[in-house]
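Structure first, then comments.
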Amino acid sequence: MTVVRVETPTRRRPGASGSSPPAAPMPTDGPLVDRFGRVHDDLRLSFTDRCNLRCVYCMPETGMTFTPGAELLSADELERIGRVARSLGVRTVRLTGGEPLVRRGVVELVGRLAGLGFEDLALTTNGMHLGRLAGPLAAAGLQRVNVSCDSLQPERFAAIRRRGHLPTVLRAMDEAETAGLGPVKVNVVLIGGVNDDEVLDFAELARRTGRPVRFIEFMPLDGDRAWRPDLVVPGDRVLEEIGARHPLEPVADELDGHAPAERFRFGDGQGEIGVVRSVTRPFCADCNRLRVTADGAVRNCLFSDDELSLMPLLRGGGDDRQLAGVFRRAVWGKRAGHGMDDPGFVAPARSMSMIGG
Ligand code: SAM
Ligand code: SF4
């Protein structure tokens, strides 16, 4: 099966192809723009690199070393980063990790970030602690959650997520909706030969519950380094399989036209699904994302090891203008694409949980 034929980006904007960017000076004001004209207004902010699970596609079962507490961004530092990002035109923030809900003081932290007035404040979680935290998080100002759930079969779920418990996670989705964090989006990482026989089951879940299900292609960001091209389940295959049972129509994303998930609604109006084709159809040409890791590094791409730490300024008396300069330089240094199709591609040193997915 040939799965990693990376196609020309379909959502191309002028100048975003090729590896030689136009020569131009870095702007010192205005939005966070890179050398290809891509404006960055979506931030993934990692609360921690720790996690209560060890999903096979993300963390090794044993042997993880985590950032010591003193080296993690403090609550004050996270809020300050949020404020600087807001001043640079960041509109939407997704809180992530590791597992953001294992971070002590997470509700207060969410409240502090909510006070900064982002258009959208969302969080991605494995759902294990969501049931008890959904109400307080909603009250603190969180708007939405994505819950990761890779199987609807309890034993398989536990095997993929190593330590996860499906009934707890399904109950948490209900609690989140009751608390006002809905509609809950369900993230499913498909792995060939592991859970790709559940595509239609997840489509039925989307139809029955109204929860949009996002099928994510497995990316070479796993701590075990077990990723192989033949384990990727292409989004095209998912769309064909579901579309053969229930006709699908594309949907535009009004909040985020750059969203990695391409959305499709069921023709009969019974809900929607999405595919994140990061491997087989990368959306780099239209990428508006930047990340801040739990230890305070700004990263411009999941797949690039280039990162700039905010810590020396945060802990060395730097001012907000200097912090903004780090964001600008990080974005300015972004490459045209993630390069997964380059012959010399090497997976980044940090795996998904350490970057913040
Ligand atoms: N712990 C939270 C969770 O599991 O939802 C948030 C962090 S997790 C790193 C964020 C998202 O990345 C999850 O939806 C997870 O399934 C996805 N993910 C992790 N490793 C991945 C990989 N190698 N390829 C594709 N998606 C991955
Ligand atoms: Fe933890 Fe999320 Fe990674 Fe699973 S995907 S190991 S829950 S950080």
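Computed from the coordinates by the stated procedures, all read-outs in this text should not be read as laboratory data. Treat the numbers as computed from the prediction; the structure is a model and nothing was measured. Virtual Cβ from ideal backbone geometry, glycine too; neighbours counted across all protein chains shown.
Suppose R0 equals 45 Å; then what is the FRET efficiency for Asp253 and His165 from their Cβ-Cβ distance, rounded to the nearest 0.05?
Working: r = 32 Å, r/R0 = 0.71.
So the FRET efficiency works out to roughly 0.90.
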Which percentage, to the nearest 5, of the DSSP beta bridges contained in the stretch 181-281 is antiparallel? 50
Amide H neighbours of Val186 under 5 Å, counting only residues 5+ apart in sequence or on other chains, H built in-plane at 1.01 Å? Val147, Val213, Arg214
At 0.36 nm per residue, and after removing the present C-alpha to C-alpha distance, how many nm does the segment from Ser87 to Val39 gain when stretched out fully? 15.9 nm
Order 106-116, 126-136 from most to least packed using the mean count of other Cβ atoms within 10 Å. 126-136, 106-116
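Taking 0.36 nm per residue of separation and subtracting the Cα-Cα distance, what length does fully extending Asp306 through Phe66 add?
Details: separation 240, 0.36 × 240 = 86.40 nm, distance 2.01 nm.
Answer, rounded to one decimal: 84.4 nm.
Let me check I've understood the local charge: for Asp224, count other residues with C-beta under 12 angstrom from its C-beta, Lys and Arg +1, Asp and Glu -1. What total comes out?
On the way: positive: Arg54, Arg162, Arg225, Arg228; negative: Glu61, Asp222.
My count for the surroundings of Asp224 gives +2.
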Once every Cα of the stretch 130-184 carries one equal point scatterer and solvent is ignored, give the base-10 log of I(q)/I(0) from the Debye formula at q = 0.26, 0.30 Å⁻¹, two decimals. -0.92, -1.08
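Mean projection of the alpha-carbon convex hull of the chain over all orientations, in nm²? Numbers along the way, then the final one.
Numbers: hull surface 67.9 nm².
Averaged projected hull area, Cα only: 17.0 nm².
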Using the eigenvalues of the Cα gyration tensor, what equivalent ellipsoid semi-axes result for the stretch 227-331 when each is taken as the square root of five times the eigenvalue, whole Å, largest first? 38, 17, 10
With 0.36 nm assigned to each residue of separation and the Cα-Cα distance removed, Asp201 to Glu240 gains 12.6 nm
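How would you rank Thr124, Thr178, Thr67, going from fewest to most other Cβ atoms within 10 Å of each one's own Cβ? Don't jump to the answer; show the numbers that get you there.
On the way: Thr124 22, Thr178 12, Thr67 18.
Ascending number of Cβ neighbours within 10 Å: Thr178, Thr67, Thr124.
At a 10 angstrom cut-off on C-beta neighbours, averaged per residue, how do the peptides 294-305, 331-342 rank from highest to lowest? Provide the component values of the computation, followed by the final result.
On the way: 294-305: 21.2, 331-342: 18.3.
Output ranking for 294-305, 331-342: 294-305, 331-342.
Add +1 for every Lys or Arg and -1 for every Asp or Glu among the other residues with Cβ under 10 Å from the Cβ of Arg163, and state the total.
Working: positive: Arg54, Arg161, Arg162; negative: Glu61.
Charge balance in the 10 Å sphere: +2.
Beta carbons within 10 angstrom, averaged per residue: use that to sort the peptides 46-53, 221-228, highest first. Display every interim value, and only then the final one.
Values: 46-53: 22.4, 221-228: 16.1.
Averaged packing, sorted descending, gives the order 46-53, 221-228.
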